[in-house]
Amino acid sequence: MQRYFISRLGQSALLLIGVIILVFFMVRVTGDPARLMMPREASAEDLEAFREVMGFNRPLYVQFLDFFSGAIVGDFGDSLHFKTPALQLVLERLPATVHLAGIALIFALIIAIPIGLIGGFNPGSVVDTLGRGLALAGQSIPNFWLALIFILFFAVRLRWFPSFGRDEWHSVVLPATVLGLPVMGQIVRLTRSAVLEIRGEDFIRTAYSKGLEPRTIYIKHVFRNVAIPLISVIGVQFGYMLGGSIYIETIFSWPGMGQLIEQSIGWRDFPLIQAIAVFTSVVVLGLNLITDLTYAFIDPRIRYGSS
Amino acid sequence: MVDYARGGEELIYFKPFFFLNAKTAQEVSIIEGEENMNILKQLRPVFGLVLLAALILAACQPQEIIVTQVVTQEVEKQVVVTQEVEVVTTVEVPAEPPPDMPIGTLVRAVTTFPNSLDIPQTAERQASTTAWNIFDSLVAFNDAGEIVPRLAERWEVSDDGTEYTFYLREGVTFHNGEPFNADAVVFSWDRAVNGGFEYSYHWESAVSVEKLDDYTVKITTEAPDALFLSIMADNWGMIPPGYFQEVGQAGFDEFPIGTGPFKFVEWVKGDHITMEANEDYFRGMPKIKTFIIRPIPESATRVAAIQTGEVDIVTRLSSEEAQSLLGVENVKVIKYPVTRVYYIAFNNLTTGVGQPTEDPLVRQAMNYAVDIDAIIDALFDGFAKPAIGLVATSELGYDDAEPFGYDPDKARDLLAQAGYTDGFAMDMACPAGAYTHFEEVCEAIAGYLNEVGIDVSLEIMESGQYWDMEAAKELPPLFGDSWSSAVGEGYPRLNGSLRGWDASYSSWFDDEIDNLLTQIETTIDQKERAELYKDLQAYMRENPPFIYLYEPVSFEAINTRVQNYKPRSAETYDLFQTWVVEE
């Protein structure tokens, strides 16, 4: 178990270094921030002075070492656009994004898991048919489009919810629903197919034949095995949502990280882009690590497999 | 899997085969049966989807009714638009009298997040217009675009035009109670010039700012600077020296303090900025109690939020969105021209050297070849104005000459005169996603040029890369762009796009244009300058350095409870004079 944990941790650290390198060099092929940030009327000397102040005229490897040594201790420098420390900007936006992603995930799970389980145990039933239709729709309807339709219908027409922002307790309903739908679709399908597959396994037949109560079989044998693929998908999806949903947050004017990403890219705000990318990577890697450890906890094959 | 099943239950492993009960057998057969599902069963999820689609359609039904309403109102709409234009251009007689005390809340939606409320650091228009509610300059623009006294009561200019003496208003205090005086002016200038901000150069037009006595300052410019007062009105926000020194730049960014009509209250990043009325304001009490700025980047959401009444003012709507709001209860649409001009630039410095476009006849021909009116009708519902000469309509010295107009025969004649009877081929580039419908505009232009025999191959490029190449003068000999100006004159735009190697985004140099621009720079007298602008425009019609396109129109929508709100062509507004009617 310990060895497993350490090896996963090592892999994550390596990945993170890879991300830092990639992010640093990728943002630099997108354009000259001095040109974009300075007014159009600025003269060549103004531009040069700006590059000097910002350190953009130093050799690339010097800039990289500077960035890397800072990033390791969480110092990403000041945002070029917002003039405040980049990491602080990211952390300011984090609660809103966690709020949205959390509600979206809970919404998706509450609906998806029962539908998936019922569908898996009763393939072909009405619930299964509707559930699969819903899953397909959730996964295939473009959610930026759905977001606009929801605003028009539920906010403008029915006035049930605010059309944007995070002012009231129910402001989160529309964005969370839109954000959660594709995840819901995926989890319905996954749960259903996992139940179907596991039901046909020898050990379930064994359990039946030794006279176990169906309820015991479901809870002890089926659910436990269904949980493994579910956890991996939930982990990945939650990490993805925490990275900030750019479309959804922008459309609903939700004050989270997704909007900040959109802004930082638009302004070629190198320090901010880097801070967001590295921060998001840490979150995703952390979640993956937790996911892996949860597997090991639930499934002894993984726990003992490596030894 | 088998391994695992054996793990804990090996002892009873063999039993099931003898006791295979009926229930399990049934279930197994169902599972196996699934593999051979008949077609009907396979279609089940499809039925589910159809059902769901039907539900969604049903849910959308009321929406479709709205769409048909919009269509039926089309005729009425046009009438409303012309009314609104009049509302903006004539003096509006408010329906409700202004209150004696600041009352109510006004929410203004902006399209992007202000990056800072410290004026020399504000990166774009919407940040600076937000900040200007907190600050004042020595002088200001009025609604007619004229310079009027603000924190200065009056001023004198020396005969050589380089020394300004400002007599400051007495008894003005900052929001924290600090007095406004000559020291504050000196400190504000000093801080901005030495702050290393992107916009420091707007303060650098003054080489010294001296205190003569507590309420008199002398400001010296290097040379006569015709735009000095305009730039001052648009950039020189006064800050309190004592407070700034106490809290530092970071503290000031966090909680800005000025003399303006509204006091800063709070800024929830990415969500809203709140200000409240400054009841001690030296021009009198503002009429709005609480003013809130909310960024809503997505325009469809802005349109929704004005309809629900969640916000009172929404800006930067497209003509389609403005049309969709006409006739909506409690919403009024405002339309005003923006001081921005779109153009397709020629190049005589790098890629355009030796090309046919060095011949003025060819450049004239290309202006005649493009049907701007048709483009404006098709892409902007007619809401834009054909441009001529790169000076916008509301700017000083605008020459109301006829645009070239669409005349493809004349274009072909001119091309023949220039010796290009068979036309020629040329590359063209335009930025993607930078301006409304600009990609389509460029495609249309390429099409029109092709019709008169100029074989244009158009490349639409990512805007970041585009600006880089434009600055490096590496774009093809035809490239599209636009330029705004907020100082009431076309000078910054003309200077930036026509000063050859001296200007970052220029790819054109012409001695006569350069000569006229130099004269405009140093002539202080407004009338003389207006004449110079006219001369320049006349010259630029004969020798066009651009294919002139259009001046855009900006749409805003306001809640009808908002009174006396007058947005200006530079997208600024003076909220001091605005009030809201409380229901």
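The values are calculated or read from the model by the stated rules, or taken from the named source; none is laboratory data. Since the structure is predicted, the reported quantities are computational estimates derived from the model, not experimental observations. Note that we place each Cβ from the backbone using ideal geometry, even for glycine, and neighbour counts take in every protein chain shown. All accessible areas refer to the heavy atoms of the entire protein, side chains included, with ligands and DNA or RNA removed. Shrake-Rupley method; radii C 1.70, N 1.55, O 1.52, S 1.80 Å.
General remarks:
- Residue selected from the stretch B:424-449 under the condition among the small types (G, A, S) and touching a helix residue (DSSP H, G or I) at 6+ places or on another chain (Cβ under 8 Å), by the criterion most open to solvent (accessible area, probe 1.4 Å): B:G433
- For the stretch B:348-365, filtered to residues that are of a type in the set (S, T, N, Q) and out of contact with any strand residue (DSSP E or B) (no Cβ under 6 Å at 6 or more places or on another chain), the residue that is farthest from B:P408 (Cα to Cα) is B:T350.
- Filtered residues of the stretch B:438-473 (kept if more than 14 Å from chain A (Cβ to nearest Cβ), hydroxyl-bearing (S, T, Y) and farther than 21 Å from B:A418 by Cα): B:S457
- Checking A:I187 against (1) crowded, with 24+ Cβ neighbours inside 10 Å; (2) at pLDDT 90 or above; (3) over 22 Å from A:P123 (Cβ atoms), the condition it does not meet: (3)
- Pairs, first in the same structural domain as B:I372 (by TED's automatic domain parsing) in the stretch B:528-547, second of a type in the set (S, T, Y) and open to solvent by 10 Å² or more (accessible area, probe 1.4 Å), C-beta under 6 Å, six or more apart: B:R529/B:T523
- The listed residue being at pLDDT 90 or above, of a type in the set (F, W, Y) and more than 23 Å from B:A384 (Cα to Cα), out of B:W508, B:W501, B:W467: B:W508
- Candidate set: the stretch B:303-316, residues that are open to solvent by 10 Å² or more (accessible area, probe 1.4 Å) and either under 22 Å from A:I246 (Cβ atoms) or not in a loop (DSSP other than H, G, I, E, B) (or both); chosen: the one modelled with the lowest pLDDT: B:R316
- Restricting attention to the stretch B:188-210, the residues that are open to solvent by 40 Å² or more (accessible area, probe 1.4 Å) and either of a type in the set (V, I, T) or away from chain A (no Cβ under 14 Å) (or both) add up to 3.
- The stretch A:37-48, subset facing chain B (nearest Cβ under 8 Å), open to solvent by 40 Å² or more (accessible area, probe 1.4 Å) and not basic (K, R), residue nearest to A:I273 (Cα to Cα): A:D46
- Condition met for B:E512 (acidic (D, E) and either in contact with a Cys (Cβ under 8 Å, 6 or more places away or on another chain) or touching a residue at least 40 places away in the same chain (Cβ under 8 Å) (or both)): no
- All positions within the stretch B:228-252 that are within 14 Å of chain A (Cβ to nearest Cβ) and either farther than 18 Å from B:Q126 by Cβ or open to solvent by 30 Å² or more (accessible area, probe 1.4 Å) (or both): B:S230, B:I231, B:G248, B:Q249, B:A250, B:G251, B:F252
- Filter result for A:Q237 (open to solvent by 20 Å² or more (accessible area, probe 1.4 Å) and touching a residue at least 40 places away in the same chain (Cβ under 8 Å)): yes
- Flag if B:T220 is of a type in the set (S, T, N, Q) and buried (at least 17 other Cβ atoms within 10 Å of the Cβ): no
This table checks each residue for (1) open to solvent by 40 Å² or more (accessible area, probe 1.4 Å); (2) over 16 Å from B:Y548 (Cβ atoms).
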| site | (1), (2) |
| --- | --- |
| B:P403 | yes, no |
| B:P408 | no, yes |
| B:R412 | yes, yes |
| B:E451 | yes, yes |
| B:M461 | no, yes |
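- Taking the criterion of being touching a residue at least 12 places away in the same chain (Cβ under 8 Å) and among the hydroxyl-bearing types (S, T, Y), the only residue of the stretch A:28-76 that qualifies is A:T30.
- On the stretch given as the stretch B:299-357, residues that are of a type in the set (V, I, T) and either closer than 25 Å to B:T393 by Cβ or free of Cβ contacts under 8 Å to residues at least 12 places away in the same chain (or both) total 12.
Conditions (1) acidic (D, E); (2) surrounded by fewer than 19 Cβ atoms within 10 Å (Cβ to Cβ); (3) over 17 Å from B:R340 (Cα atoms), marked per residue:
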residue: B:L478; (1), (2), (3): no, no, yes
residue: B:D481; (1), (2), (3): yes, no, no
residue: B:G490; (1), (2), (3): no, no, no
residue: B:L494; (1), (2), (3): no, no, no
residue: B:S497; (1), (2), (3): no, no, no
residue: B:A503; (1), (2), (3): no, no, yes
residue: B:S506; (1), (2), (3): no, no, no
residue: B:N515; (1), (2), (3): no, yes, yes
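- Residues of the stretch B:446-481 that turn out to be farther than 20 Å from B:A416 by Cα and assigned to a helix (DSSP H, G or I), as a count: 9
- Test set (1) within 14 Å of chain A (Cβ to nearest Cβ); (2) open to solvent by less than 40 Å² (accessible area, probe 1.4 Å); (3) under 19 Å from B:E489 (Cβ atoms) - B:R125 fails condition number: (2)
- The combined condition, being farther than 16 Å from B:F135 by Cα, in contact (Cβ under 8 Å) with a residue 60 or more places away in the chain and among the hydroxyl-bearing types (S, T, Y), is fulfilled by B:T290.
- For the stretch B:340-366, the tally of residues that are open to solvent by less than 10 Å² (accessible area, probe 1.4 Å), among the polar types (S, T, N, Q) and closer than 30 Å to B:V487 by Cα stands at 1.
- Check on B:S116, of a type in the set (G, A, S), over 20 Å from B:V338 (Cα atoms), within 14 Å of chain A (Cβ to nearest Cβ) and touching a residue at least 24 places away in the same chain (Cβ under 8 Å): yes
- Set A:I228, A:I204, A:I248: member being out of contact with any strand residue (DSSP E or B) (no Cβ under 9 Å at 6 or more places or on another chain), closer than 30 Å to A:L36 by Cα, within 12 Å of chain B (Cβ to nearest Cβ) and not polar (S, T, N, Q): A:I248
- Residue-level analysis places A:R132 among those that are open to solvent by 30 Å² or more (accessible area, probe 1.4 Å), closer than 25 Å to A:P182 by Cβ and among the charged types (D, E, K, R).
- Against the conditions (1) assigned to a helix (DSSP H, G or I); (2) open to solvent by 40 Å² or more (accessible area, probe 1.4 Å), A:D75 satisfies every one except (1).
- Considering (1) crowded, with 17+ Cβ neighbours inside 10 Å; (2) closer than 26 Å to B:V362 by Cα; (3) in contact (Cβ under 8 Å) with a residue 24 or more places away in the chain, the lone condition that B:A486 does not fulfil carries the number (2).
- Of all residues making up the stretch A:195-232, the number that are among the β-branched types (V, I, T) and open to solvent by less than 20 Å² (accessible area, probe 1.4 Å): 7
- Candidates A:A155, A:A137 - the one that is over 20 Å from the mean Cα position of the chain (by Cα), within 11 Å of chain B (Cβ to nearest Cβ), buried (at least 19 other Cβ atoms within 10 Å of the Cβ) and farther than 30 Å from B:K269 by Cβ: A:A137
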